[in-house]
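One structure is given below, encoded as structure tokens.
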């Protein structure tokens, strides 16, 4: 067999690349991290553009869609700008509504809980001291219980606040780093939003250019495979985002209505927050339920327990009836693999991994299923 110079060159380049990666693995990882950090605003812009594009495509579909408006120049020229602006305003409005409902109530509950803790501790101390057997057991264990009045607990809290305030001077460096981090994050977000606007304005041109590049430098078989993988992943992410948002709205609405019927406090705020956290598959609603139970605890411990029982029942109804119809059937991923994707994704990338794990697993599952069917037919 005669070796051509191109084959020898490919083998040499591959061997050199493997040698460099093995010998300088740490430097390669650091370089990749630096490149990823530098491209963070652009990656964030791509993510924002992808999510906003789903809403923008919906608006464009119904923007002066009547027959009498077809072919109108002003409709064609204004469709993209108007629908894009409506999409961004919709996202900002939803986020503002959620934070304006949740954050103030959480602050008030924290203040109320801080006031009630001394009273609860004082009552617990009185109960323990009034129980001779319990006092005897604590004495044998070497634990002494002293009566503290409400004023004593308030004095303890004041001393703690004074101690924290006295240490502020020593943490100015940390405060500065936090402020600079927030400023850096704001700049990154601003650049990402600007980049997403450019992507959405010229998305058809951009896709046409990318397609032309792949067609030029890839063989037809390779191009078809790349195109197939892209369409499967795009379809999976699109269905997951739409289905997850729909499911979150349904769950939040059911939670608000049922809480109003049963007379739970903070019904609107907790329902909105649970709907927002339900965007995280499987575990999201329970995170919202924990915060809701904490808030209701400031009003009534009994109602907090009843609320947790209500959430468990609601989750069972939603998980067995709503989620399979809205999300499960749309992405075509069995429940056990949804749980697997959420667990692994959360362990690798945290909350972001939980969000990305399900659509990625659904796309891989769909491609594997199609390939197995194709091989069995052949």
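Some values worked out for this structure:
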read-out	value
Given (1) at pLDDT below 80; (2) more than 16 Å from residue 245 (Cα to Cα); (3) surrounded by fewer than 19 Cβ atoms within 10 Å (Cβ to Cβ), number of the condition residue 306 does not satisfy	(1)
Residue match in region 90-97 (condition: in contact (Cβ under 8 Å) with a residue 60 or more places away in the chain, surrounded by fewer than 14 Cβ atoms within 10 Å (Cβ to Cβ) and either within 27 Å of residue 207 (Cα to Cα) or out of contact with any strand residue (DSSP E or B) (no Cβ under 6 Å at 6 or more places or on another chain) (or both))	yes
Tally of residues being out of contact with any helix residue (DSSP H, G or I) (no Cβ under 7 Å at 6 or more places or on another chain) and exposed (fewer than 14 other Cβ atoms within 10 Å of the Cβ) across region 58-77	13
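The values are calculated or read from the model by the stated rules, or taken from the named source; none is laboratory data. Please read all numbers here as calculations on a predicted model, not as lab measurements. Neighbour counts run over all protein chains shown; Cβ positions are idealised from the backbone, glycine included.
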